[in-house]
Amino acid sequence: MIKSLYGKLVAVLLGLVVFIGAIGVIFALALEREYEREVSQRLNRNLASNLVAADVLLVDGEINEAGLEHVFHSLMVVNPSIEVYLLTLDGEIVAYSAPKGRVKRTSVSVEPIKAFLAGQPLPIMGDDPRDFNRTKIFSVSPIMVEDRYEGYLYVVLASEEHDSAVLVPRSSHIVRLGIGVLCGSLVVALAAGVVLFNLITRRLRRLSTSIDTFRRSDFSEPLPPQQRFEDRSEDEIGRLGRTFHRMEERILQQVQKLKQTDELRRELIANVSHDLRTPLASMSGYLETLSLKEDNLTHEERRKYLDIALKHTSRLGRLVTELFELARLESKEMQVAVEPFPISELVQDVVQDFQLRASAAGVGLSVRQPENAPLVSADIALIQRVLQNLIENALKHTEDGGTVAVVLESSGNQVVVRIEDTGCGIPEADLQKVFERFYQAESESGSAADTSPTGGLGLAIVKKILDLHGSGVRVASSVGEGSAFWFSLPVSS
């Protein structure tokens, strides 16, 4: 139990109660002692002056033995706990009522006497003639003879006999009372503290149970409703509970994303393995044929096999390059350098790069744009890559005699870029899948279309680039009629 927060709080409470109780008892005893001294000295403040007024203690500068004996005898009868000393003006003891041999001092300090006579606040402690280190409360009065001071009557109000008489009751009754009060306070304080700490830490224990349950689920399953810590209070425990549940939701989302990422990773590895294996197997087959039948092949056949191997090598290289490009786009370090540029000039440059290829394939490639196309804000290098991939994809799926057009249209504060072709088209069921990695539509005959780097990753790269720009790419297509891909870019302000 001591290892729990509740046990530690109870232990600290116990220590504090014991410490404060002990300090309280000590302070109370000291205060009671000080109060007793003040009351006793205040009640007997005029005792010495009354004694002086009642008896003549000095006659012609000499001690009046008869008067002094009368004073001593009267005091012993009335109050045996006091002691009377006759002092000179310098504090020297010349006579006393204490038993012979018990007085150790020959003089006492006159400073407390002067303070007493000056009316300073009580209690005032004076020297105890019976002890060199002890002080006692007292009453004092000057003794005058023929209008001049001859000495002091110094009355100690608590003699050794008095201290001995009160020591036993004090050490028994008051101490027992203090211990009883302390024990009672401890029991009450501990009981109240245990109940209060139990109430305070109850919510914390519930929260701890919720956290432990979530931990046992390997942080992958949401807490059951009955074990959720529902607390709307604004104190630290309430805020901690709400923070934990937000953290729980965040962890579950991250775990789910990790699972999805792992599933995509396995799928990607499988697809990459397949697409890398195909050109590698083709290259290996043709090169092996060249190696084994080199002497039996004509020059034209060797040239043909080498061209095919080079074609697959180029295809493999482009696939690896696009894999690295897609990985870079998906990394958190990827930064988009947005700047204003003329989209019409960029489109003209990209189209010009594909004119020879389009002419060789018998496909018409054209641009339609307004006369004064506005500047757009985007990363020019990445948008160039988007245009290259979309035009290459359109040319790849457009047969001889078809057309591919890049169309620019202004729409408010946006410029819409559209790439249209008259190719084979995409089945409606596959329209939402064309931007997936290594997506491969089937032709009308049911066989997979030829997989190329562009067909496998080109559109996925397009979608990722436009996502980084906060835009999106859309597609519309009809089988046998062609396809259209378009996206929009903001006009530069």
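The values are calculated or read from the model by the stated rules, or taken from the named source; none is laboratory data. The structure presented is a predicted model; accordingly, all values stated were derived computationally and were not measured. Cβ placement follows ideal geometry from the backbone for every residue including glycine, while neighbour counts extend to all protein chains displayed. Heavy atoms of the whole protein, side chains included, go into the accessibility calculation; ligands, DNA and RNA do not. Shrake-Rupley method; radii C 1.70, N 1.55, O 1.52, S 1.80 Å.
Within segment 224-258, being touching a helix residue (DSSP H, G or I) at 6+ places or on another chain (Cβ under 9 Å), in a helix (DSSP H, G or I) and either open to solvent by 70 Å² or more (accessible area, probe 1.4 Å) or touching a residue at least 40 places away in the same chain (Cβ under 8 Å) (or both) holds for one residue alone: L240.
Condition test on A115, is it under 30 Å from R232 (Cα atoms), of a type in the set (G, A, S) and either modelled with pLDDT of 80 or more or under 60 Å from the mean Cα position of the chain (by Cα) (or both)?
On the way: under 30 Å from R232 (Cα atoms): no; of a type in the set (G, A, S): yes; either modelled with pLDDT of 80 or more or under 60 Å from the mean Cα position of the chain (by Cα) (or both): yes.
For A115, the condition - under 30 Å from R232 (Cα atoms), of a type in the set (G, A, S) and either modelled with pLDDT of 80 or more or under 60 Å from the mean Cα position of the chain (by Cα) (or both) - is not met.
Among the residues making up segment 181-199, those that are without any contact (Cβ under 8 Å) to a residue 24 or more places away in the chain and either within 20 Å of E230 (Cα to Cα) or open to solvent by 40 Å² or more (accessible area, probe 1.4 Å) (or both) are C183, V187, V188, A191, A192, V195, L196, L199. Any chance segment 134-150 includes a residue that's within 60 Å of the chain's Cα centre (by Cα) and at pLDDT 85 or above? Yes, there is a match, as at least one residue in segment 134-150 is within 60 Å of the chain's Cα centre (by Cα) and at pLDDT 85 or above.
Here is a yes/no grid of residues against (1) aliphatic (A, V, I, L, M); (2) in contact with a helix residue (DSSP H, G or I) (Cβ under 6 Å, 6 or more places away or on another chain):
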| position | (1), (2) |
| --- | --- |
| L310 | yes, no |
| R315 | no, yes |
| E339 | no, no |
| F354 | no, yes |
| R357 | no, no |
| G362 | no, no |
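For segment 138-159, the set of residues classified as open to solvent by less than 40 Å² (accessible area, probe 1.4 Å) and either over 17 Å from R37 (Cβ atoms) or part of a helix (DSSP H, G or I) (or both) consists of S141, P142, I143, V145, G151, Y152, L153, listed by residue number.
Each residue in segment 98-128 was checked for being part of a loop (DSSP other than H, G, I, E, B) and within 18 Å of S40 (Cβ to Cβ), and 7 of them qualify. In segment 287-302, the qualifying residues are those that are open to solvent by less than 70 Å² (accessible area, probe 1.4 Å) and not polar (S, T, N, Q), and the one that is nearest to E436 (Cα to Cα) is L290.
Here E300 fulfils each of the conditions (1) over 30 Å from L457 (Cα atoms); (2) within 54 Å of the chain's Cα centre (by Cα) apart from (2). On the stretch given as segment 1-60, residues that are at pLDDT below 75, of a type in the set (S, T, Y) and surrounded by fewer than 16 Cβ atoms within 10 Å (Cβ to Cβ) total 1. Evaluated against (1) at pLDDT 80 or above; (2) open to solvent by less than 40 Å² (accessible area, probe 1.4 Å); (3) closer than 26 Å to A460 by Cβ, P279 falls short on exactly one condition, (1).
Return yes or no: is Y286 part of a helix (DSSP H, G or I) and touching a Leu at 6+ places or on another chain (Cβ under 6 Å)? Give the steps one after another, and end with the answer.
Numbers: part of a helix (DSSP H, G or I): yes; touching a Leu at 6+ places or on another chain (Cβ under 6 Å): no.
In short, no.
If you take the residues in segment 376-403 that are more than 12 Å from C424 (Cα to Cα) and among the polar types (S, T, N, Q), which one is least open to solvent (accessible area, probe 1.4 Å)?
At the first step, the residues of segment 376-403 found to be more than 12 Å from C424 (Cα to Cα) are 376-392, 401.
From what is left, the residues that are among the polar types (S, T, N, Q) are 377, 384, 388-389.
Working: S377: 31, Q384: 65, Q388: 46, N389: 0 Å².
My answer is N389.
Taken residue by residue, segment 424-436 has at least one member that is among the basic types (K, R) and modelled with pLDDT under 85. Among the strands (runs of 3 or more DSSP E) confined to segment 299-408, the ones with at least 3 residues that are of a type in the set (A, V, I, L, M, F, W, C) and at pLDDT 85 or above are located at 375-378. Tell me, please, whether a residue that is touching a Ser or Thr at 6+ places or on another chain (Cβ under 7 Å) and without any contact (Cβ under 8 Å) to a residue 24 or more places away in the chain can be found in segment 303-319. Within segment 303-319, one or more residues are touching a Ser or Thr at 6+ places or on another chain (Cβ under 7 Å) and without any contact (Cβ under 8 Å) to a residue 24 or more places away in the chain.
Being more than 60 Å from the chain's Cα centre (by Cα) and among the charged types (D, E, K, R) is the filter; apply it to segment 303-318 and report the residue that is least open to solvent (accessible area, probe 1.4 Å). First the steps, then the outcome.
Of segment 303-318, the ones more than 60 Å from the chain's Cα centre (by Cα) are 303-309.
Retained after the next criterion (residues that are among the charged types (D, E, K, R)): 303-304, 307.
Numbers: R303: 112, K304: 122, D307: 80 Å².
Per the stated criteria, the residue is D307.
Of all residues assigned to segment 129-137, none qualifies as being open to solvent by 70 Å² or more (accessible area, probe 1.4 Å) and more than 29 Å from R33 (Cβ to Cβ).
Going by the conditions given, is A373 over 57 Å from the mean Cα position of the chain (by Cα) and at negative phi?
On the way: over 57 Å from the mean Cα position of the chain (by Cα): no; at negative phi: yes.
Here the answer is no, as A373 does not meet what is asked.
Of everything listed in (1) at pLDDT 70 or above; (2) loosely packed, with under 14 Cβ neighbours inside 10 Å; (3) of a type in the set (D, E), the single unmet condition for E83 is (2).
For segment 465-491, filtered to residues that are among the polar types (S, T, N, Q) and surrounded by 14 or more Cβ atoms within 10 Å (Cβ to Cβ), the residue that is nearest to the chain's Cα centre (by Cα) is S471.
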